[in-house]
Amino acid sequence: MAGRPGPAEVLSLRAVNRALLARQLLLDRPRLAAAGPERTAQVVQVIEHLVGLQAQAPFPPYYGLHSRLDGFLPEDLATLITSRSVVRIALMRGTIHLVSARDCLPLRRLLQPVIERGMRGAFGKQLAGVDPAELAAAGRRLVEAEPMTFAQLGQALAAQWPDHPPAALAQGVRTYVPLVQVPPRAVWGRSGQSMHTSAEHWLGRRRPSGEPAHPSSAPSPAELAQLVTRYLGAFGPATVRDVQAWSGLTGLKAVLERLRPCLVTFRDENGAELFDLPTAPRPGADTPAPVRLTAEFDNLLLSHAERSRVVTPEATRRLYTVNGVIPGAVLVDGFAAGMWRLTRSRDKAAVTIEMFGPVRERDALTAEAERVLAFGAPGAAHQVRFGPLAG
C-alpha cells in the first residue's frame with residue numbers, strides 16, 4: 001500500500017524571489033547573437049518565454065527587453081514591429097501586451113472571457129440591444145478597409161447605431177474583434193496615434209469560411225493547461241490565485257488540479273501551496289541578485305496576487321500609485337527598493353533614482369543607470385541623479 005505523501009517542502013521568500021528572477025532573465029542576462037536571423041529569433045523567443053510584455057505605453061517593452069538581454073538595441077524590437085513579427089493587442093487582464101505573431105490569436109482566443117467581462121462592466125448598459133455579431137462584422141469591415149482610431153471607428157459605427165455612444169460601439173468592436181495597434185505606433189524614434197486593424201488582416205491569417213465574426217468557442221482544457229504551464233515557466237512557482245491575477249481568468253484551480261501529477265508543489269512561508277514545473281530553475285535563496293532597473297508597467301510587478309516575492313510593503317505604497325502608472329522599479333538584492341525615470345532634453349539625458357531607504361550599492365546603481373542612458377539616449381550628455389522623481 002502506497003504511503004501518503006509527506007509535507008511539501010517550504011520555499012523561503014528569498015528562494016521564491018530567486019526563482020522568479022531566474023525565469024524573468026533578471027539574474028543572468030542572455031547575450032544576443034551578433035546579427036542576422038539567429039539574433040531576431042532570440043528576441044522573439046524571449047518575448048514568447050515571458051508570454052508577452054505589458055505594453056499599454058508604447059516604449060516600456062524596449063526597456064523591459066533591454067533589462068533582460070545583453071546587447072539588445074532599439075532596432076531589434078522596432079524591426080519586429082514593422083515586419084509584423086510581433087504585435088500589440090489586448091490580452092492578459094484586458095491590457096495591451098506585446099506578443100509574437102505566433103502567440104497573438106491563440107492567446108487572444110483563450111483570454112476572450114477576460115476581454116468580454118471588462119467590456120460588460122464598463123460599457124454593457126450602453127450597448128444594450130446591439131447584436132455582438134453584427135457589431136463585430138461592421139467593425140471588422142471598417143478597420144480592415146483602413147486602420148482607425150477608436151474615435152474614428154465609433155463615429156463610423158454611429159451611422160448604423162445612432163442611439164448608442166460611439167465610444168461604447170468602438171469598445172464593443174475591440175471586445176469582439178482581436179484588434180492590433182499598427183505602426184508607426186510603438187516604433188522607436190517615431191510617434192503616431194493608436195490606429196487599429198484586425199489581427200487576422202494584419203498577420204495575413206484568413207478566418208475559416210463560416211467562422212463567426214467574433215470568437216465564441218470556449219477554450220479547451222488542454223489549451224488552458226498549456227497557458228498555465230507557460231505562466232509557471234515565466235513566473236513560477238505560483239499559487240492558483242497568482243495565475244488568475246496574471247491572466248484575469250477565473251476557475252483555474254481545476255486546471256491546476258488536472259496538471260498536479262505533472263507538477264511539483266511547495267509551500268511558501270505563509271503556508272500557501274505553490275505549483276511549479278519540475279525542471280524549471282529554482283536557484284538557492286543565497287544566489288546573488290544583481291542590481292536591475294526594470295521597465296515601467298513591467299509584468300514582474302503585476303503578475304501575482306501575492307507580490308511580496310519582489311515588492312516590499314514600503315515599495316507597494318510607493319510603486320502602485322493612484323493614477324495607475326507603474327514606474328520603473330529599482331531591484332536591489334532581488335527586491336524593489338526604489339524607482340527610476342529617464343528624462344531627456346535636446347542634448348541631455350538623466351536617469352533619476354529615488355530609493356525607498358538609504359542609498360546602497362551606489363556604484364552598481366550608477367552603472368546600471370549608465371547602461372540605460374547608453375540605450376535610451378545615445379549621443380546625449382548623461383547624468384545619474386539620486387533623489388525624488390518629482391521636480
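The values are calculated or read from the model by the stated rules, or taken from the named source; none is laboratory data. No experiment lies behind these values; they were computed from the predicted model shown. Neighbour counts are summed over all protein chains in view; Cβ atoms, including those assigned to glycine, are modelled from backbone coordinates with ideal geometry. Keep in mind that these areas ignore ligands, DNA and RNA; they rest on the heavy atoms of the full protein, side chains included. Shrake-Rupley method; radii C 1.70, N 1.55, O 1.52, S 1.80 Å.
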Two-site label geometry, Ala133 and Ala364: point separation in nm, points 7 Å out along Cα→Cβ:
5.9 nm
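Among 57-63, 360-366, 339-345, how do they line up from the highest to the lowest mean number of other beta-carbon atoms within 10 Å? Can you show the working numbers first?
Numbers: 57-63: 21.0, 360-366: 14.4, 339-345: 16.7.
Going from most to least packed, we get 57-63, 339-345, 360-366.
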Here are several values of volume of the Cα convex hull per residue in Å³: [x] 132; [y] 173; [z] 148. Which one was derived from the coordinates shown?
[y]
Could you check the simple spin-label distance between Glu257 and Gln160, using points 7 Å along Cα→Cβ, in nm with one decimal?
4.3 nm
Shape of the stretch 175-319 from its Cα gyration tensor (a ≥ b ≥ c, root eigenvalues): rounded if a/c is under 1.5, otherwise prolate when a/b > b/c, or oblate?
oblate
How much net charge surrounds Glu48 when only the other residues with a Cβ under 11 Å from the Cβ of Glu48 are counted, with Lys and Arg +1 and Asp and Glu -1?
+1
Using a 1.4 angstrom probe with every protein chain in place, what is the largest-first accessible-area order of Cys262, Cys104?
Cys262, Cys104
Would you work out what percent of the accessible area of the stretch 214-350, with all protein chains in place, is carbon or sulfur (probe 1.4 Å)?
55 percent
SASA check, Thr265, accessible area w/ 1.4 Å probe, all protein chains in place, rounded to nearest 10 Å², comes out at 50 Å²
Phe59 long-range amide H proximity, modeled H, under 5 Å
none
Treat each spin label as a single point 7 Å out from the Cα along the C-beta direction, and report the Glu146 to Ser83 distance in nm.
3.0 nm
Using the heavy atoms of the protein chains alone and a 1.4 angstrom probe, what is the accessible area of the stretch 193-332 per residue in square angstrom?
46 Å²
With the other protein chains left in place, how much accessible area per residue, in square angstrom, belongs to the stretch 31-128 at a 1.4 angstrom probe?
37 Å²
Lys and Arg at +1, Asp and Glu at -1: neighbours of Val325 with Cβ under 15 Å from its Cβ sum to 0
Could you compute the net charge surrounding Ala272? Neighbours are other residues with a C-beta less than 15 Å from the C-beta of Ala272; K and R count +1, D and E count -1.
-2
Modelled label reach - Thr250, point 7 Å along Cα→Cβ, the stretch 109-132 residues with backbone N closer than 14 Å
113-121
Here the relative contact order (percent) of the chain, from C-alpha pairs under 8 Å and at least 6 apart, is 19 percent
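Express the carbon and sulfur contribution to the solvent-accessible surface of the stretch 22-121 as a percent, rounded to the nearest whole number, probe 1.4 angstrom. Let's see the in-between values first.
On the way: 1940 of 3470 Å².
About 56 percent, which is the carbon plus sulfur part of the accessible surface.
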Using alpha carbons only, how many angstrom separate the centre of the stretch 134-148 from the centre of the stretch 79-100?
19 Å
Gaussian network model of the chain, springs between alpha carbon atoms under 10 Å - residue of Glu48, Glu146, Glu273 with greatest fluctuation:
Glu146
